[in-house]
1. Check off (1) over 13 Å from the mean Cα position of the chain (by Cα); (2) surrounded by fewer than 17 Cβ atoms within 10 Å (Cβ to Cβ); (3) not charged (D, E, K, R) for THR33 and give me the number that stays unchecked.
2. Inside region 60-79, can you point out the residues that are within 20 Å of ARG91 (Cα to Cα) and among the β-branched types (Val, Ile, Thr)?
3. For region 46-55, check the following and say yes or no: at least one residue is over 12 Å from LEU97 (Cα atoms) and in a helix (DSSP H, G or I).
4. What pairs come out if I take residues in region 38-59 that are closer than 18 Å to ARG91 by Cα and pair them with residues that are of a type outside the set (Asp, Glu) and assigned to a loop (DSSP other than H, G, I, E, B) whose C-beta lies under 7 Å away, six or more apart or interchain?
5. Do you know which of the residues in region 74-95 that are of a type in the set (Gly, Ala, Ser) and touching a residue at least 60 places away in the same chain (Cβ under 8 Å) is surrounded by the most Cβ atoms within 10 Å (Cβ to Cβ)?
6. Restricting the search to region 70-125, which residues are outside any helix (DSSP H, G or I) and hydroxyl-bearing (Ser, Thr, Tyr)?
7. Limited to region 96-113, what total is found for residues that are within 19 Å of SER26 (Cα to Cα) and either exposed (fewer than 13 other Cβ atoms within 10 Å of the Cβ) or among the hydrophobic types (A, V, I, L, M, F, W, C) (or both)?
8. Taking LEU63 as the residue in question, decide whether it is touching a residue at least 60 places away in the same chain (Cβ under 8 Å) and of a type in the set (A, V, I, L, M).
Amino acid sequence: MIHRYIDEHRFIQKGRLALVTTHDTSSLAALLTVLADPTRLAIVELLTTQDRCVCHLVELLELKQSVVSHHLGVLRHSGVVSAYPHPTDRRWQYYHLERQVLSGAVNGLSALLDHAHWDPTVPLC
C-alpha cells in the first residue's frame, strides 16, 4: 500500500502524462498504474458515454464525494481526464475523458505484441 502511494505521488509530481510511445515504457507503466485502480477504471468507463460532474459520479458509483474527487484528481494529473466548468453555471466542474491518452496506451501495449522484431534464435549462455 505504501509503495503504491509513493509511486502515485511521484507520478502526480511529474505532471500530465504525455502520449505513450512504444519507447516510453515508464509513461505506459505509470498510466497502467493509474488505470489499475477499480474505482478509477469505473470512472473512466462512465466517462466513455458522456461528460459528467462529480455529483453524477458520486450517485452512480455510490461512493463518498471525497473519494470520487480524490480519484478524479489522480486521473486529471495523469491526463486521462480533463475538467471544464459548466457553460451556464461555472460552479460545477464537468469531467471529460481524454481518449487520445487511452489510445496511446493501447498503442503502447500493441507494440509489445508486435512480432516484427521477434528473433526466434535462443542465445547461448
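1. (1)
2. Those that are within 20 Å of ARG91 (Cα to Cα) and among the β-branched types (Val, Ile, Thr): VAL67, VAL68.
3. yes
4. Going by the 7 Å Cβ cut-off, the qualifying pairs are CYS53/TRP92.
5. Looking at residues that are of a type in the set (Gly, Ala, Ser) and touching a residue at least 60 places away in the same chain (Cβ under 8 Å), I get SER78.
6. Passing the criteria: SER82, TYR84, THR88, TYR94, TYR95, THR121.
7. Selection size over region 96-113: 11.
8. no
The values are calculated or read from the model by the stated rules, or taken from the named source; none is laboratory data. This structure is a prediction, so every number in the text was calculated from the model and none was measured. Reconstructed Cβ throughout: ideal geometry from the backbone, glycine too, with neighbour counts over all protein chains shown.
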